[in-house]
Amino acid sequence: MELELNKLNLPGVPTERPLVIAGPCSAETEEQVLNTARQLADKGIRIFRAGIWKPRTKPGGFEGVGVEGLPWLKTVKQETGMLVATEVATAKHVYECLKAGIDILWIGARTTANPFAMQEIADALRGVDIPILVKNPVNPDLELWIGALERINQAGLKRLAAIHRGFSSYDKKIYRNLPQWHIPIELRRRIPTLPIICDPSHIGGKRELIAPLCQQAMDLGFDGLIVESHCNPDCAWSDSFQQVTPDVLSYILNLLVIRSETQTTENLSELRKQIDECDDELIQILAKRMRVAREIGTYKKEHDMTILQTGRYSEILEKRGSQGSLCGIDAECIKKVFEAIHEESVRQQMEIINK
Ligand code: PEP
Ligand code: MN
């Protein structure tokens, strides 16, 4: 299905990259909301975010102030002229936000992952013209993300954008949520007119990662950034490790280098030709490798051997990984490439053995 999209068309918001949305993870008190909003407005931020209802992993955490906080956002709007945005997860949230004049709604990662919840929200929004930002689902499933966007679009809403906030993983390393950049990149390829906004706060999970993630998103051609910013981050009631003050946010934004996306100089096209040649060679060499793999398949069939020889496979992954790093390529990346190649070799050998 094709999405039918219109421009976000946000009054008072500059159209050049990046579109910036900032504000606290949660609206906590009227004072915290207004204090943060005033500082952000002073720094030139035009869209204010704050969670009114907070989806929490465990019961008993701070689950948001609820409807009580909506008038605070209204005050932010009146006092600073900023547009205001919050998260909705149920039809009731949608009605409350529409009643309160909230300008932009976003769908959280846990909600995007649930088609029933998405349909309920889409039905509640039918016939309303309001920008909707759909976060990626917690799990790395592009189809689920696109499906959520389709449900909203089918309800007649055309001012849509996606938010990339990273994907859950069992073992946490550097990131709170793995960026898996190839997923939003594939989303861009599939729906080129859909704006993509990066949420470095939920990807990184810590302050130090905000700046490099913002830069990476800009270098990948993302359209905007949604960053958690709090007047007193250390005392935030949720996500305190990843929030930055409006001052720090402004510093980070000022340091960003925004490169043009459409630089097609002579030099670049020459270099692109070289890349095309490299890719041709890569494919030919892969085809040769597959031919050899098929021969091995025939041998295994004749000698009644299993296809998967685990020892050999681990040896390949290890060796290629270290060969890669000697050439300045990340060993993990090389391993992934060889996992994919090996998977295809196994598939081809299976065909031979089962013939
Ligand atoms: C948030 O934006 O504060 C939030 C809860 O994000 P996510 O849905 O990405 O976890
Ligand atoms: Mn948060």
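The values are calculated or read from the model by the stated rules, or taken from the named source; none is laboratory data. As the structure is a prediction and not an experimental result, all values here were calculated from the model. All Cβ positions, even for glycine, are placed from backbone atoms using ideal geometry, and neighbour counts span all protein chains on display. SASA here: full protein model, heavy atoms, side chains in, ligands and nucleic acids out. Shrake-Rupley method; radii C 1.70, N 1.55, O 1.52, S 1.80 Å.
Numbers for the structure displayed
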| item | result |
| --- | --- |
| Distribution of pairwise C-alpha distances over segment 22-168, 10 Å bins, in % | 12, 42, 35, 11, 0 |
| Sorted peptide list for 252-261, 339-348, criterion being average Cβ within 10 angstrom, highest first | 339-348, 252-261 |
| Proximal lysines to LYS158, defined as alpha-carbon separation beneath 25 angstrom and excluding residues fewer than eight positions away on the same chain | LYS7, LYS74, LYS77, LYS92, LYS99, LYS135 |
| R0 of 25 Å, Cβ-Cβ distance THR262-GLU4: FRET efficiency to nearest 0.05 | 0.50 |
| Residue (of ILE307, ILE329, ALA293) at the positive-pole extreme of segment 273-355, dipole from beta-carbon charges | ILE307 |
| 16 Å Cα-Cα reach of LYS355 towards aspartates and glutamates, excluding residues that sit fewer than 8 places from it in its own chain | GLU295, GLU302, ASP304 |
| Segment 169-271, dipole about Cα centre (Lys/Arg Cβ +1, Asp/Glu Cβ -1), debye to the nearest 20 | 280 debye |
| Rounded percent of accessible protein surface that carbon and sulfur make up, the chain, 1.4 Å probe | 54 percent |
| CYS278-LYS172 FRET efficiency (beta carbon distance; Förster radius 35 Å; 0.05 resolution) | 0.50 |
| Cα-centre dipole for the chain with unit charges at Cβ (Lys and Arg positive, Asp and Glu negative), debye to 20 | 400 debye |
| Relative contact order [Cα under 8 Å, 6+ residues apart], segment 117-229, whole percent | 22 percent |
| Within the chain, helix-based [θ] at 222 nm, where runs of 4 or more DSSP H residues each add -39,500 (n - 2.57), nearest 500 | -15500 deg cm²/dmol |
| At 0.890 mPa s and 25 °C, Stokes D of segment 267-353 from Kirkwood alpha-carbon radius, µm² per second | 168 µm²/s |
| Using alpha carbons only: equivalent-ellipsoid semi-axes of the chain, gyration tensor based, whole Å | 44, 23, 21 |
| Gained length - ALA340 relative to CYS235, 0.36 nm times residue gap less alpha-carbon distance | 33.2 nm |
| Mean accessible surface per residue for the chain, computed with a 1.4 Å probe while every protein chain stays in place, in Å² | 53 Å² |
| Part-to-part distance (alpha-carbon centres) for segment 60-76 and segment 263-305, which is given in Å | 56 Å |
| Relative contact order (percent, whole number), the chain, Cα cutoff 8 Å, 6+ residue spacing | 14 percent |
| Contour minus Cα-Cα distance for GLU302 and GLU270 (0.36 nm per residue) | 6.6 nm |
| Efficiency of FRET between ARG291 and LYS158 - r from beta-carbon atoms, R0 56 angstrom, step 0.05 | 0.65 |
